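No lab work stands behind these numbers, since they all come straight from the coordinates. Everything numeric in this text was worked out from a predicted model, so none of it was measured. Because the Cβ atoms are built from the backbone with ideal geometry, glycine has one as well, and the counts that use them run over all protein chains shown.
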Amino acid sequence: MAQLIILREGLAFTELFLLLGLLALYWQQERKAAFAAKAHGAGASGILRAVLLGEDEDIKIASLPQKEWKDAGERSAREFEMHRENGDLDKARLFGKQLAELLLAEVNRTDGCTCEQHHQLLVLYSYGVNKIIQLLPNSMIAQLSLSDFYDEVKRQNPAICDLIQDSVSFTFYILEDRTLERNFGEAFAKLCGEGKNQELEAFGNRKYQAFYERCRRYLEQFAF
């Protein structure tokens, strides 16, 4: 595994962080395979102990050969190197930074909103960024782009970076995203404390769609 990865001079910190994450995943998979084999050989008592410790997922993978986990780690390393060579990682980082600029440009555009409504709009825009990044070709590129998006927002405006990562609001939007209607404006109005407010719902939907479309047009400029 180690010989597949060459850390070249000038490797960006974010890329190194991503690569270390892949290596951590590989190590975790190795550990799971070893644990599963041990639990399998320990009989019923060993399996029960694993379940009580919350490690039942480790047991579920006992049927997967250890070689498959090694192959997966090697494929991830090769994929990482391929994306570095063809420039995809650089494009992913640039795309994330451009999305950050789009969102930061909205910070001072209140459009007559209350302070709370404006804050919730920024969170909704951040959710839209996450949705756009899901359109990237694979999780490696998407994660790097999302990481650079948040890093750039934090670099320019730490308070806004904290604001747009509101987990409660994100949960509302995730749940709404799973419905047929996908009425983000309704979730937006509720988060603003307005309950059922059709005018505010329409406003939220209109603003979200306009921002999402701008992000989508940016994405079209990149060929991954």
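Worth pointing out:
- For the residue pairs 131/196; 91/190; 91/131, alpha carbon separations beyond 29 Å are given by 91/190.
- Segment 187-224 versus segment 112-142: alpha-carbon centroid distance in Å: 9 Å
- Highest average first, the peptides 204-215, 181-192 ordered by how many other beta carbon atoms sit within 10 Å of their residues are 181-192, 204-215.
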